[in-house]
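Trainee: The structure is given below, and queries will be raised subsequently.
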Amino acid sequence: MSATTSARIAAALFVVVAVFQVLVALGAPWGAFTQGGGTEGSLPAVGRGIAVVSAVIVLVMAGSILARAGLGPFRRLPHMVITALAWLTTIYSALAVLTNIATPSMRERVVWAPVCIVLFLLVSWTMLRTRGASPASS
């Protein structure tokens, strides 16, 4: 699989996660599937605010992994910025795997752990395939 393919798939999954977070922020009754799963139904105001921040972070990660492959809205950022954002995305993706495996919420673990594992693999593949290349040449 090419870096552009893995980056596009990862970005699409990140967008799905961001949409989920936005819907949670708007009051969708999915509290059991996020933030440790301790809330049945809609999240309280603080949890909704966290969901908004999460959505923004996830969209930045989508843009950064696309940029790493020479695609997307961040592709014209300086190489050093793209590299830093892409590495932060990789680290965040790895941590997401660990936290979603360790969550006390069975629902969260069943839904998000596999998604996070796939995201981590796609992001890692993109990073590996673009190692040593400038973003525009990937």
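Read-outs throughout are calculated quantities, based only on the coordinates presented, and are distinct from any laboratory measurement. Predicted model only: the values in this text are computed from it and were never measured. As a convention, Cβ positions derive from the backbone with ideal geometry for all residues, glycine included, and neighbour counts pool all protein chains shown.
Trainee: How much of the calculated P(r) for the chain lies past 17 Å, in percent of all Cα pairs?
Mentor: 57
Trainee: For an R0 of 22 angstrom, estimate the FRET efficiency from the Cβ-Cβ distance between LEU121 and ALA45 and round to the nearest 0.05.
Mentor: Working from the Cβ atoms, E equals 0.05.
Trainee: On full extension of the chain, what length is gained from LEU88 through MET1, given 0.36 nm per residue of separation minus the C-alpha to C-alpha distance?
Mentor: Stretched fully, the LEU88-MET1 segment lengthens by 29.1 nm.
Trainee: Under the rule of -39500 (n - 2.57) per DSSP H run of 4 or more residues, summed and divided by the residues of the chain, what mean residue ellipticity at 222 nm is obtained, to the nearest 500 deg cm²/dmol?
Mentor: My calculation for the chain gives -24000 deg cm²/dmol from helical runs alone.
Trainee: Can I ask one more? Normalised by the number of residues in the range 1-97, what is the relative contact order in percent for Cα pairs under 8 Å and 6+ residues apart?
Mentor: 27
Trainee: Sticking with this structure for a sec: Obtain the nm distance between the two label points defined at THR99 and MET80 by a simple spin-label model: each point lies 7 Å from its Cα along the Cα-to-C-beta direction.
Mentor: About 2.9 nm separates the two model spin labels.
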